[in-house]
Amino acid sequence: MAKSQTVCMAHVDDQSAFFIDNHAIGAFTHLSKKQSERHPVKIGIVILLLCCLGCGYSSAERVASWQALFDDASADPGAIATRTDWTPIALPSMFRLPYPPARTFRYLWLRGAANIAGDPSQYAGIRLGRIYYIDRTYVNGILVGSQLTEEYNAVHNPRAYAIPKGVLKTGKNEVLIRLGIYGTEYGGLLDEVLLLGPRDFIGARISDEFIYRQLPIGIALFLLGQMAFNMIFFIWRKKQRANLYAAAMCLIWSLYIFALFSPYFPFTDDFRITFLWSCTSFVPILFLMLIQSFYKVYLSYFNRVVIPLLLAVTGIVLAFQDTTAAFYPGPILGTGTLFAVIPLLSYVMYRVNSRRPDPMIFVFIGFGLLPGLFIGWDIVNYLWVHHYPPLTHTYTIPVFIVGVMILIIREFIKKEIELDLLYRKLEEPSSEEPVKKPGITSSTEGKLEKIIEFLKENYASDISREGLAGAMNLSPDHMSRMFKAYTGKKINDYINELRITDAAGRLADPEVKIIDIAFAVGFESLATFNRSFLKVTGKTPTDFRAALKKDD
């Protein structure tokens, strides 16, 4: 954090001045009045509103000439209105309070004015848009609405309050807002404050409710449903571990969205802020494992370093809950992790594609690129640009999740089709007459010989006992008993021996990595390969290779 600086701001009548900390400099950051120069989210929202409502606001009066008064003690709008030490500011804007850091809400007052030339009864309410974080809003000294500390849950919660009849008047109308900001967070208003007619007021409330409440919560519920689907898929096919990591990502993202948009958040604001920062280091862990498990390429040495490091960063961020501390690590570690993860993910994609070339990996990259860019923008924007909390990437998260799910289902269908074609070969009649063995009928012996021949040719594939039995019109249990009686081995042991025999021959080439050999002969992970190799040969793959090299 930059060192505090003292800035002198002249009072509007040039007779007095007040001094503010660097935290409050943002309060006086000039924002152009041109629509195109405001933050890009506003432009998108306006376009969406025009599409939803069919037109803009037909009756609106802008509240302008904003002033600020940094007074944390007084809650009386009457006493505040008579004060003369107000300072002009530009709104919309986000800023920090000049008070000493405290783990609570602190307050300032904002004052604006709207001139009504016609009939004031044509205006039904006041739309303040997104306010960060809590407020009490007065029009001509009358309280028209509020969101207090005990009511504050959703971060992105726009306000629009109905104005009772008789409150507005022809001519100048004063708007007072007592704004509460938590700790050292940025706060303020991010939309123009408008007096609206009945139709526009209702339309604004509906559109704000949809964009900032219903849509994000709907996305969170969609992610929870997707999580349940992935878990069911994983339980059904445990070998598809990508579903487990996809489910975990859906859970974390849904909690992330609930922390920002849910009207029910039972934890403290410090925990909310800390949890959001911790996601920048924890979610990449799940993404790294998702990629590797999807393509069955595990970068063991890479994982032993990077994943523990990311876990350590996550633990450090979660351990420090005081967001007002001088050395709060959340923003530093969160931002640093985000920019470090980009080259790491690029490296993983490169290594995975070099081992198992697949054009679809570029689709994988595309699905992750869109939300990734918006996540980066939200963090940069929060720290250095407009300073509002993370928002835009929330609406792009489903793109990534749906894309990953499409790839997982595609890979599953592809494997099922390949296995179905393999099993059909077993159904073809054999041209050779099997040699009959005692206790086994000629028919069963013929089927077992076909199975053995099939295994010798396809042991590297993901073969299941049920698939073999179905192809031969046998029950799995009966087939397993007959297979062991015929060969003296269980089916899985027989397959593993074929794979280990192949792997032993490949280990003679010192240029080929052991993990690549493991995947090439059909094992799902390096650990499983090592155990099977040791069981069959009595040596680990490393020792076996060393023995071959010594013999040479």
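The values are calculated or read from the model by the stated rules, or taken from the named source; none is laboratory data. Everything numeric in this text was worked out from a predicted model, so none of it was measured. Cβ coordinates were reconstructed from backbone atoms using ideal geometry, including for glycine residues, and neighbour counts include every protein chain displayed.
Kindly indicate whether Ile211 is β-branched (Val, Ile, Thr), within 29 Å of Tyr138 (Cβ to Cβ) and either assigned to a helix (DSSP H, G or I) or out of contact with any Asp or Glu (no Cβ under 8 Å at 6 or more places or on another chain) (or both). Here the answer is yes, as Ile211 does meet what is asked. Taking the range 214-243, which residues are among the basic types (Lys, Arg) and either in the same structural domain as Asn157 (by TED's automatic domain parsing) or without any contact (Cβ under 8 Å) to a residue 40 or more places away in the chain (or both)? Lys238 - this is the single residue of the range 214-243 that is among the basic types (Lys, Arg) and either in the same structural domain as Asn157 (by TED's automatic domain parsing) or without any contact (Cβ under 8 Å) to a residue 40 or more places away in the chain (or both).
Only one of the listed residues (Arg96, Arg103, Arg136) is basic (Lys, Arg), surrounded by 19 or more Cβ atoms within 10 Å (Cβ to Cβ), closer than 30 Å to Phe271 by Cβ and modelled with pLDDT under 95. That residue is Arg96. Put simply, of Ala546, Ala527, Ala508 the only residue that is over 17 Å from Tyr301 (Cα atoms), loosely packed, with under 15 Cβ neighbours inside 10 Å and without any contact (Cβ under 8 Å) to a residue 40 or more places away in the chain is Ala546.
Looking across the range 346-378, not a single residue is modelled with pLDDT under 85, touching a His at 6+ places or on another chain (Cβ under 9 Å) and surrounded by fewer than 15 Cβ atoms within 10 Å (Cβ to Cβ).
Screening Arg127 against (1) over 24 Å from Arg213 (Cβ atoms); (2) surrounded by 22 or more Cβ atoms within 10 Å (Cβ to Cβ) leaves a single unmet condition, (1).
In the range 238-296, the qualifying residues are those that are among the hydroxyl-bearing types (Ser, Thr, Tyr) and within 14 Å of Asn153 (Cβ to Cβ), and the one that is nearest to the chain's Cα centre (by Cα) is Ser262. Scanning for something touching a strand residue (DSSP E or B) at 6+ places or on another chain (Cβ under 9 Å) and within 19 Å of Gly129 (Cβ to Cβ), does the range 242-261 turn up at least one residue? Within the range 242-261 (the criterion being touching a strand residue (DSSP E or B) at 6+ places or on another chain (Cβ under 9 Å) and within 19 Å of Gly129 (Cβ to Cβ)), the answer is no, since none of the residues qualifies. Residues that are within 23 Å of Leu260 (Cβ to Cβ), among the basic types (Lys, Arg) and touching a helix residue (DSSP H, G or I) at 6+ places or on another chain (Cβ under 7 Å) number at least 3 in none of the strands (runs of 3 or more DSSP E) confined to the range 117-174. State whether the residues of the range 304-326 include one that is under 22 Å from Thr392 (Cα atoms), among the hydrophobic types (A, V, I, L, M, F, W, C) and touching a Ser or Thr at 6+ places or on another chain (Cβ under 9 Å). The answer is no, given that none of the residues of the range 304-326 is under 22 Å from Thr392 (Cα atoms), among the hydrophobic types (A, V, I, L, M, F, W, C) and touching a Ser or Thr at 6+ places or on another chain (Cβ under 9 Å). Within the range 489-504, does at least one residue satisfy the condition of being more than 43 Å from the chain's Cα centre (by Cα), surrounded by fewer than 15 Cβ atoms within 10 Å (Cβ to Cβ) and over 16 Å from Glu453 (Cα atoms)? The answer is no, given that none of the residues of the range 489-504 is more than 43 Å from the chain's Cα centre (by Cα), surrounded by fewer than 15 Cβ atoms within 10 Å (Cβ to Cβ) and over 16 Å from Glu453 (Cα atoms). Filtered by the rule that a residue be more than 23 Å from Ile181 (Cβ to Cβ) and of a type outside the set (Val, Ile, Thr), the range 378-398 gives His393, Tyr395, Pro398.
Of the residues in the range 173-191, not one is within 20 Å of Gly118 (Cβ to Cβ), surrounded by fewer than 21 Cβ atoms within 10 Å (Cβ to Cβ), among the polar types (S, T, N, Q) and touching a Pro at 6+ places or on another chain (Cβ under 9 Å). Restricting the search to the range 187-230, which residues are within 20 Å of the chain's Cα centre (by Cα) and of a type in the set (D, E, K, R)? Once the filter is applied, which keeps residues that are within 20 Å of the chain's Cα centre (by Cα) and of a type in the set (D, E, K, R), the range 187-230 yields only Arg213.
Inspect all residues belonging to the range 462-484 and state whether any of them is out of contact with any Phe, Trp or Tyr (no Cβ under 7 Å at 6 or more places or on another chain), in contact (Cβ under 8 Å) with a residue 40 or more places away in the chain and closer than 30 Å to Leu548 by Cα. For the range 462-484, residues out of contact with any Phe, Trp or Tyr (no Cβ under 7 Å at 6 or more places or on another chain), in contact (Cβ under 8 Å) with a residue 40 or more places away in the chain and closer than 30 Å to Leu548 by Cα: present. Restricted to the range 227-282, and to residues there that are outside any helix (DSSP H, G or I) and basic (Lys, Arg), the residue that is surrounded by the fewest Cβ atoms within 10 Å (Cβ to Cβ) is Lys238. Among the helices (runs of 4 or more DSSP H) confined wholly to the range 431-521, which include 2 or more residues that are under 28 Å from Phe533 (Cβ atoms) and at pLDDT 85 or above? So the answer is 442-458, 476-487, 491-506, 514-520. Quick check on my filter: what residues within the range 348-369 are in contact with a Lys or Arg (Cβ under 8 Å, 6 or more places away or on another chain) and aliphatic (A, V, I, L, M)? Answer for the range 348-369, where residues must be in contact with a Lys or Arg (Cβ under 8 Å, 6 or more places away or on another chain) and aliphatic (A, V, I, L, M): just Met360. Of the residues in the range 539-546, at least one is part of a loop (DSSP other than H, G, I, E, B) and touching a Phe, Trp or Tyr at 6+ places or on another chain (Cβ under 9 Å). Would the range 44-54 turn up any residue that is modelled with pLDDT of 90 or more, on the phi < 0 side of the Ramachandran plot, surrounded by 12 or more Cβ atoms within 10 Å (Cβ to Cβ) and touching a helix residue (DSSP H, G or I) at 6+ places or on another chain (Cβ under 9 Å)? So far as the range 44-54 goes, no, none of its residues is modelled with pLDDT of 90 or more, on the phi < 0 side of the Ramachandran plot, surrounded by 12 or more Cβ atoms within 10 Å (Cβ to Cβ) and touching a helix residue (DSSP H, G or I) at 6+ places or on another chain (Cβ under 9 Å).
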